Amino acid sequence: MVDTTTTLGPGVRRKASLLALDPRTRRRNAAETRFKVYGVVAILIGLAFLVALLWAILSNGIGAFSQTFITVPITLDQATIDAAEKSVVKTSKYKEMIDAGFAEELARNGITTDMSAKDLQLLFSSGAPSTVRDFVLANPGKIGTTVDFQLLASSRVDGYLKGRVTREALEHDKNLSAAHLDLADQMAADGILVKHFNWDFILGTDASDSRPEQAGIGAAMVGSLAMMVVVLFLSLPIGVAASIYLEEFAPMNRLTDLIEVNISNLAAVPSIVFGILGLAVFIQFAHLPQSAPLVGGLVLTLMTLPTIIISTRASLKAVPPSIRDAALGVGASKMQTIFHHVLPLAMPGILTGTIIGMAHALGETAPLLLIGMVGFIATNYPASFLDGFMAPNSAMPAQIYEWSKRADPAYYERAWGGIIILLIFLMAMNIIAVILRRRFERRW
């Protein structure tokens, strides 16, 4: 064992072993241990908040992916259909056909009720007659036969089966009564009232405030896709070109320093500022159509460009200078060096930054609010490819925001369901970014 002499004070000396911990070392090790504990606790707190967030999203939104339907056999009589098509209110005759078919179905299953046909109509979605009419117009060969229709139940009945609506909550509700719920229980027991996976929520379009059970996010998904196409085809070439010039060609002077500082500042500007800019430039000055995905894409391009430029410059800087020196040494020009050697090596970082920037733009709502996409109800898909960019439409974050404002609790459920779909899109884009980085990445 090696001993050392430690000076404790003036004129005092004591031998101490190097293997023995002195008080200062013990305090330092204890501080390090506490810091590790703090780090673990911070991670656990973060994970707890993440789990709570995911639980809130899934528990509130998973119900939007199922919907309650009422099975009604309807006889498609030719005379009744002709009379319905000649009347001013065409759906009124189809409503009578639903009432007759529903009464027969209840009697066939031995279910009796004292409610009138008008009261029984409250069990159905207000869009049920239109569903029957659309089927008749699309399938004229079915006229004269009896067809089993799966008609949407009203949002209150759907909420009752999902546990969202209780009997106590219906005491002051004029849309449904306890008698309706008793009838719904009997229908569910006999298989007339069933829940299915709701494809219309994913593929359908938005509906009015009175038909939340028919609302879907499909048209908004098309609007978001059109905006992302505009962002990709504008921000990627402009951002990469600007980054190459600033990193490889621009002289080092006060002007380039000013440009770099402003790019960094623009990356931190609130997104609503870009929305105001888009409103002033693209709508009020350029007179582009309001609520169009083209305008939304242009606004999001302005917002995404600083992020892409910063990430692209970082990727270009990460390429070793020896690559440039070697290419120039064998006679390549500056342009050949960049496009044949530097840019391919920097491509993983460029693609990753671009996709992450687009994923950030996909979830933005504030810029879309300024250009009118939040207040637009997308009840139809675009009629053509050009209309997908120029015609008014909505986007997923704007649609979620619009649903969250509406009074019916069914729209609140659909807002959470829309968040689930939006998160799936964001996760997919981030996974693609990771795959591209690992696919093209080269290690030195």
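The numbers here are math on the coordinates, done by the rules we state, and not lab data. Everything quoted here is computed from the prediction, not taken from an experiment. Cβ atoms come from the backbone with ideal geometry, glycine included; neighbour counts cover every protein chain shown.
In table form, for the structure just shown:
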| item | result |
| --- | --- |
| Stretch gain in nm, segment R34-L47, where the contour uses 0.36 nm per residue and the Cα spacing is subtracted | 2.7 nm |
| Measure of compaction for the stretch 67-196 (Cα Rg per 2.2 N^0.38 Å) | 1.07 |
| Estimated dipole of the chain in Debye, rounded to 20 [Cβ of Lys and Arg +1, of Asp and Glu -1, Cα centre] | 2880 |
| Among P23, Q336, G39 the positive-end extreme of the charge dipole of the chain (Cβ point charges) | P23 |
| Volume per residue that the Cα convex hull of the stretch 218-440 spans, once the total is divided by residue count, Å³ | 135 |
| Farthest toward positive dipole pole in the stretch 67-196 [+1 Lys/Arg, -1 Asp/Glu at C-beta], among V132, N109, I192 | V132 |
| Spin-label proximity, L58 to the stretch 26-41 - amide N less than 19 Å from point 7 Å beyond Cα toward beta carbon | none |
| Computed label-point distance, nm, for sites Q290 and T112 using a 7 Å Cα→Cβ extension | 5.9 |
| Which of T145, T113 has the fewest Cβ neighbours within 10 Å, and the rest in rising order | T145, T113 |
| Spatially proximal lysines relative to K93 (Cα-Cα < 25 Å; intrachain offsets below 8 disregarded) | K118, K142, K174 |
| The stretch 218-440: relative contact order in percent, alpha carbon pairs under 8 Å with at least 6 residues between | 31 |
| Angle between the chain longest axis and helix 23-61 axis [Cα atoms, degrees, rounded to 10] | 20 |
| Where labels lie 7 Å past Cα in the beta-carbon direction, separation of D209 and F65 in nm | 3.1 |
| Theoretical gain in end-to-end length, A267 to E168 [0.36 nm per residue, Cα-Cα removed] | 30.6 nm |
| Cα-based Rg of the chain normalised by 2.2 N^0.38 Å, two decimals | 1.44 |
| Residues L47, L152 arranged by fewest to most Cβ contacts within 10 Å | L47, L152 |
| R0 of 41 Å, Cβ-Cβ distance Q150-S404: FRET efficiency to nearest 0.05 | 0.90 |
| Extension reserve of the A188-R27 stretch, reckoned as 0.36 nm per residue once the Cα distance is removed | 51.0 nm |
| Mean Cα-pair separation over length for the chain, i.e. relative contact order, pairs under 8 Å, 6 or more apart, % | 18 |
| Residues of type lysines that K317 reaches as a straight line, Cα spacing below 18 Å, ignoring anything fewer than 8 places off in the same chain | K334 |
| Relative contact order of the stretch 67-196, defined on C-alpha pairs under 8 angstrom at six or more residues apart (%) | 40 |
| Span from the the stretch 364-385 Cα centroid across to the the stretch 173-210 one, whole angstrom | 28 |
| Check: the stretch 212-344 dipole with +1 on Lys, Arg Cβ and -1 on Asp, Glu Cβ, in debye | 200 |
| Under 19 Å from the Cα of K162 - lysines, other chains or at least 8 residues apart | K195 |
